[in-house]
1. What nm value, rounded to one decimal, do you get for the distance between Glu449 and Asn278 when each label is placed 7 Å out toward the C-beta?
2. Could you tell me which trypsin sites (Lys or Arg not before Pro) in segment 367-431 are loop residues by DSSP with no more than 14 other beta carbons within 10 angstrom of their beta carbon?
3. What FRET efficiency would be calculated for the residue pair Arg263, Asp432, taking the C-beta separation as r and a Förster radius of 35 Å, to the nearest 0.05?
4. So between Asp424 and Met75, what do we pick up on full extension, going 0.36 nm a residue minus the alpha carbon distance?
5. At a 10 Å Cβ-Cβ cut-off, how would you order His190, His409, His317, fewest neighbours first?
6. So how far apart, in nm, are the two label points at His317 and Ala89 if each is 7 Å from Cα heading toward Cβ?
7. Under a point spin-label approximation (7 Å from Cα along Cα-to-Cβ), what is the His343-Arg171 distance to one decimal in nm?
8. Rank these for me by crowding, Cys98, Cys306, going from fewest to most other beta carbons within 10 Å.
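Readers should treat all values here as calculations from the given coordinates under stated rules, not as data from a laboratory. The shown structure was predicted, so the numbers you read here are calculated from the model rather than taken from an experiment. FYI the Cβ positions are ideal-geometry reconstructions off the backbone, even for glycines, and counts take in every protein chain you see.
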Amino acid sequence: MLSMLSKQPSSFCDHGSRRHFLKIGGLALGGLALPDLLRAEASAPRGGATSSHKSIIMIYLSGGPSHQDMYDLKMDAPMEIRGSFRPIATNVTGIQICEHMPRLARMMDKFAIIRSLYGSVDQHASDMCLSGYPIGPLGRQNGHPSLGSAVSRLQGPVDVTVPPFVGLTTRTGHAPYSNPGVPGFLGLAHAPFQPSGEAMTNMRLSGVTLDQLRDRRALLSSFDGFRRQADIDPAMKAVGAFTQQGLNVLTSSRLVEALDLDREPASIRDRYGRGSANPAFGEDAGPHWMDQFLMARRLVEAGVRCVTLSFGSWDRHGANFERLPEQLGKLDQGITALVEDLHERGLDQDVSVIAWGEFGRTPRINPGGGRDHWPQASCALLAGGGMRMGQVIGSTNRLGEVPQDRPIHYQDVFATLYHQLGIDVRTATIPDHSGRPQYLLDRHEPIRELI
């Protein structure tokens, strides 16, 4: 653990007098210090490394959103199935969506909807939405790496000071909701960097302000004492290149500034909406925190290849039609602001966006005014990444029970996302614990309508 002490003491919230410090080894993930992570990553050879900067923003709708009440309203079905929401026209002829998503309706030409999604299981977990695999005998994601971890392994960082995979998912009591995408057999070297964890705390409590990080001369001056000590202390001379690389991460302002939303104009923040980090409706699930959509955009601009986040509480066994209008309105604002922003910044060809949940909801409304779990059919919303937008793919039968035309498996969507990143899932492999090459998915064909 490297620590650099400043000359001036400071008082923390426990009223203890402390010296400012910068702990290189404290920048940790899963118990490994940053130098250890960098060493582990460098020791694993990458296949197909690329300097391109394609990115993915993955939005997990925790709890399972209702496909019949968002993008696949069944107005010809009996009342106990169709519910009280009404469809509205979009700016793409022939496509209708829920009345509570008017912004999306005005931008439908920049989105694509999958109405015939299948392949999930009855599990309240983000695993399927972040990896293409449910929880199984081998644990989370059945031992497989999440998409972000696989991309970290195959393509590495765009910038050595910016992690390739960042998880913004907030912690929940029900742990499977707050999986930001585990690395599986790839190990902690390819786990997501989580700004809400100890790593970001150490960066913020280092006694080095954002202003100092931006001022390279002031920063250099603050390190003079450390460097003089390193010159005369034999123990310090033993510090390896990976610790120096960890120092480079902390002395670069790029990641910290990407997470600093105060650098955005108020008008942009208002477009996205602010929201709250508190769980939606006080339930144990994702928050209505639209700030995270903006933070995701800033992170991919800074060089992150994959950003994951969770949004809302969609497990509506009751009060479905009372609570969904508020939640749909917030999702409508956040995701359309994100996609509009990507287009305005010329990032729409490089950044893919996916929003979906672990399963759909029952066609029949239950006596409590809600819909229960329904893995047989679900939906997804996509944007950007150079994909073909302004379309609906697939359909369900008259009651929304099962896919009817063009069934799309969750892994088909993953094959498409990998394809847009420049990774061919038919040939790309990554080694497991025993060194045997493993394919990324069991299904290898991207969705032809999108690419």
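1. 4.1 nm
2. Working: sites: Arg371, Arg388, Arg398, Arg426; in loops: Arg371, Arg388, Arg398, Arg426.
Answer in residue order: Arg388, Arg398, Arg426.
3. On the way: r = 41 Å, r/R0 = 1.18.
Efficiency, rounded to the nearest 0.05: 0.25.
4. Working: separation 349, 0.36 × 349 = 125.64 nm, distance 4.02 nm.
In short, 121.6 nm is gained.
5. Values: His190 30, His409 20, His317 15.
By the 10 Å Cβ count, ascending, the order reads His317, His409, His190.
6. Simple spin-label model gives 4.1 nm for this pair.
7. Going by the 7 Å Cα→Cβ label model, 3.9 nm.
8. Values: Cys98 24, Cys306 32.
Ordered from fewest to most neighbouring Cβ atoms within 10 Å, Cys98, Cys306 come out as Cys98, Cys306.
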